[in-house]
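The values are calculated or read from the model by the stated rules, or taken from the named source; none is laboratory data. Keep in mind that this is a model prediction, so the values were computed, not measured. Don't worry about glycine lacking a Cβ; one is built from the backbone with ideal geometry, like all the others, and counts go over all protein chains shown. Accessible surface is based on the protein model in full, side chains and every heavy atom, while ligands, DNA and RNA are left aside. Shrake-Rupley method; radii C 1.70, N 1.55, O 1.52, S 1.80 Å.
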Amino acid sequence: MKILVCISKTPDTTSKIAFKDGNTKFDDAGVQWIINPSDEWNALVRALELKEKDASIVLHLISVGGADYDPIIRKALALGGDEAIRVNADSSDSYFIASQIAAVAKEGAYDLILTGKETIDYNGSSIGGFVAELIDVAYVSLATKFDLNGTVATIDREIEGGEETNEVSLPVVVSCQKGVAEQRIPNMRGIMAARTKPLKVVEPIAVDALTSLVSFELPPAKAGVKLVAADNVAELVRLLHEEAKAI
Amino acid sequence: MSVLIFVDQTENHIKKSSYEVLTYGVKLAAQIGTNAEAIVLGTVNDDLSALGKYGVTKVHHVANETLNHVDAHVYTKVIEEAVAATNATVVVISHNTTGKAIAARISAKLKAGLVAGAIALPDTSNGFVVKKSVFSGKAFANVNIATAIKIISLNPNSFHVTSADGTATVETLNATVEAAKIKVTAVNKVSGEVPLSEADIVVSAGRGMKGPENWGMIEELAHELHAATACSRPVADADWRPHHEHVGQTGLQIAPNLYIAIGISGAIQHLAGVNRSKVMVVINKDPEAPFFKAADYGIVGDAFEVVPQLISEIKKLHNN
Ligand SMILES: Cc1cc2nc3c(=O)[nH]c(=O)nc-3n(C[C@H](O)[C@H](O)[C@H](O)COP(=O)(O)OP(=O)(O)OC[C@H]3O[C@@H](n4cnc5c(N)ncnc54)[C@H](O)[C@@H]3O)c2cc1C
């Protein structure tokens, strides 16, 4: 059994969002980078839980990015996993990124490919779907529970207005969200071990990007809060009804 | 040429988010000088010709039961054929759970550039540039799609629905429905409540409510306003409320017309999930709570006193 977990690097959740170079680049001055939360807490932690139960599982991590990704990949390796692969490319096009992951996935003949539900910077929720189509396997999105029984996965996933339980034969691509894994405090004792784990850097395959980033913009500043006295709740209701037309 | 609009259904009924993508797709078709057509998959009990109210001229229907469940692989094949049959140059889908399952897969199949989470019509004055939400609602990106066929998934609650008189012709589309790779063994719908992602009004509460036993007034307020209920992360983590109510950077991101935050401090990770709301109201006893900086209206006060008054004032408004 071979599992591949996709790891993305994102700004820390408290980061101030600003742009530079004529609003074409994220301004990372002073920004702390983290493993994208659902990649770490949902996809990776679930893969580690599976490996704890079955030591024969081979667990690889994959990232697509430049050398600036390495500290994040080492951190992920410290949480667990046998080795990591970094495809040495930088792109804003998620199809391009997914194509790199798909190439590695195909070559490595993985049985299970896990992603987080979305990155907190690009919010595309699309890597899993791209990869599944490119390697022509089933895709289960937004999983909230994941169990393996031999080569059949039983997965609960979010659907419009509820949840559904799916059974699917491996190989499969699954995007993971909250619920899929136990909450756990990362065990950073793995840090030393992670230094000696293989981190393979491979060059990207040639792919034409389907989209290109033109610019970023920030939302217009809020006008400021209108405060209403606590003993005048009727006034709040009037404002919401007449001014904001929200009720 | 056409704009093909994917109309989502659940339990044999058209989804509210579909009216939004219909309006969006019809406006887009007018903008680029083509016509708008809809595609509906699975068995549906609603009158599909009524979708003409939103401006589509034709509705293509594949009434195969296999399609009552979303299997991304099966859907992709059907939509590929629908795109060919309608000569579509743009496909519009909601960025809801269905859209998240299928949009990227269709994009890869058709080699058609995807902008996931669009919030506005594209700027077609120089290319095809779509604005989308990034950094969990804290910023926007303008993304150009260069491919001949373009796919847009629209963030729920980002486009105002308009309708007028009109009927559409409904045609059966003979598409290939492949065997599903995914077997659905159970479905568990949260019925009765307003789904959070689609709600116009959301009443949300945080740790300031002290304990789950105090949620009665939150539910009553939500009931009066026909609103959905939401909560901050620690509230869901402590199991005071179900996890699907958790909004924020690591929970659901929502964009209702009105978001009422009660006893929530307004941490940056919480705001990331709600700051696309059109109007935000905060009730918090701490005047220094960061939420007041993001809100439109606020009351500095004790929720246990303010919320009951709010309920009775809203009742008064509704009785008038
Ligand atoms: C990586 C990461 C991701 C996170 N993701 C999320 C997320 O997705 N969603 C999320 O919500 N949080 C998230 N958090 C947590 C976030 O940082 C805050 O801790 C959390 O939002 C605080 O919840 P709260 O406002 O309910 O509680 P508190 O911060 O404890 O605030 C309670 C508020 O209630 C007020 N209050 C108390 N009593 C009363 C009363 N009687 N009447 C009126 N007001 C009262 C207090 O003044 C206070 O402002 C995340 C944190 C991290 C590190």
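Data table
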quantity: Antiparallel DSSP beta bridges within chain B, percent to nearest 5; calculated: 15 percent
quantity: Nearest-0.05 FRET efficiency for B:HIS160 and B:ALA63, computed from C-beta distance (R0 41 Å); calculated: 0.85
quantity: Sequence-separation-based contact order of chain A, relative, with Cα cut under 8 Å and 6+ spacing, percent; calculated: 24 percent
quantity: Pairwise label distance in nanometres, B:LYS210 with A:LYS245, each label 7 Å out on the Cα-Cβ vector; calculated: 4.0 nm
quantity: Student exercise, chain B dipole from Lys, Arg, Asp, Glu Cβ charges, in Debye to nearest 20; calculated: 980 debye
quantity: Helix-only CD estimate at 222 nm, as mean residue ellipticity for chain A, using -39500 (n - 2.57) per DSSP H run (n ≥ 4); calculated: -6500 deg cm²/dmol
quantity: Prolate/oblate/rounded call for segment B:196-319, Cα gyration tensor, a/c under 1.5 rounded; calculated: rounded
quantity: Beta bridges per DSSP with both ends in segment A:2-219, % antiparallel, nearest 5; calculated: 40 percent
quantity: GNM top mover of A:GLY80, A:GLY224, A:GLY66 - chain A, alpha-carbon springs below 10 Å; calculated: A:GLY224
quantity: Other-chain or far-sequence residues with amide H under 5 Å of B:HIS69's (modelled H); calculated: none
quantity: Set of lysines near B:LYS77 by C-alpha distance (under 26 Å), chain-local residues within fewer than 8 positions excluded; calculated: A:LYS106, A:LYS117, B:LYS15, B:LYS16, B:LYS58, B:LYS100, B:LYS109, B:LYS111, B:LYS150, B:LYS181, B:LYS183
quantity: Nearest-20 debye value, segment B:1-127 charge dipole, Cβ charges on Lys, Arg, Asp, Glu; calculated: 280 debye
quantity: Trypsin sites (Lys or Arg not before Pro) restricted to segment A:158-247 and DSSP loop, no more than 15 other C-beta within 10 Å; calculated: A:ARG184, A:ARG189, A:LYS222, A:LYS245
quantity: Residue among B:GLU80, B:GLU198, B:GLU213 with the largest mean-square fluctuation in a Gaussian network model of chain B, springs linking Cα atoms under 10 Å; calculated: B:GLU213
quantity: In Hz, Karplus ³J(HN,Hα) per residue of segment B:11-25 (6.51, -1.76, 1.60; θ = phi - 60°; x = Gly, Pro); calculated: 6, 6, 10, 5, 7, 4, 4, 5, 5, 5, 5, 4, 4, 4, x
quantity: Folded to 0 to 90 degrees: helix B:303-319 orientation relative to chain B principal axis, Cα; calculated: 60 degrees
quantity: Among A:PRO220, A:SER38, A:VAL152 the positive-end extreme of the charge dipole of chain A (Cβ point charges); calculated: A:SER38
quantity: Residues along segment A:96-134 losing 40 Å² or more of accessible surface when the other protein chains are present rather than the chain by itself (probe 1.4 Å); calculated: A:LYS117, A:ILE120, A:ASP121, A:TYR122, A:ASN123, A:SER125, A:PHE130, A:GLU133
quantity: Cleavage-rule hits, trypsin sites (Lys or Arg not before Pro), segment B:218-320, DSSP coil, Cβ neighbours within 10 Å at most 15; calculated: B:LYS278
quantity: Counting all C-alpha pairs of chain A, share separated by more than 24 Å (%); calculated: 51 percent
quantity: Fraction of accessible area attributable to carbon and sulfur, the protein assembly as shown (%, probe 1.4 Å); calculated: 51 percent
quantity: FRET efficiency for A:ASP54 and A:ASP208, using Cβ-Cβ distance with R0 set to 30 Å, rounded to 0.05; calculated: 0.15
quantity: In sequence order, calculated HN-Hα J values of segment B:261-273 (Karplus, 6.51, -1.76, 1.60; Hz; x Gly/Pro); calculated: 9, 10, x, 10, 6, x, 4, 4, 6, 6, 4, 4, x
quantity: Top positive-direction residue, dipole computed over the protein assembly as shown with Cβ charges, set B:SER17, B:GLY211, A:LEU134; calculated: A:LEU134
quantity: Amide hydrogen neighbours beyond the local backbone of B:ALA230, cut-off 5 Å, H modeled; calculated: B:VAL203, B:SER204, B:ALA205
quantity: Table column - 3J(HN,Hα) (Hz), segment B:150-156, Karplus curve with 6.51, -1.76, 1.60, x for Gly and Pro; calculated: 10, 10, 10, 10, 9, 4, x
quantity: Average Cα contact separation per residue, chain B, under 8 Å, 6 or more apart, as relative contact order %; calculated: 15 percent
